[in-house]
Amino acid sequence: MKTIVSFIEPASWSVMRVLRIAIGAMVTYQGVTDKQWIIAGIGALFLLQGVLNIGCAGGSCAVPKK
């Protein structure tokens, strides 16, 4: 239970996390209201990244060199 509370606690959120959630919510809403489902899907991706706090920070998405 403690991990859920620390996950939701806004004090531990970074600016990028809040920005991803805000952009994702706006783009998803706009895509759904305009019935542009591809745009809504892209917005949902940003929203999911913000909620789960995942992204390519710290080189986690880097392609390994051979």
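Structural remarks
- Of all residues in the stretch 2-15, none satisfies being in a helix (DSSP H, G or I), in contact with a helix residue (DSSP H, G or I) (Cβ under 7 Å, 6 or more places away or on another chain) and at pLDDT 95 or above.
- Matching residues, the stretch 40-51, being farther than 12 Å from Ile23 by Cβ and of a type in the set (Val, Ile, Thr): Val51
- As a summary of the residue check, Leu48 satisfies the conditions (1) surrounded by 12 or more Cβ atoms within 10 Å (Cβ to Cβ); (2) modelled with pLDDT of 95 or more except for the one numbered (2).
The values are calculated or read from the model by the stated rules, or taken from the named source; none is laboratory data. Worth saying up front: this structure is predicted, and the values here are computed from it rather than measured. Ideal geometry is used to build each Cβ from the backbone, glycine not excepted, and the neighbour counts take in all protein chains shown.
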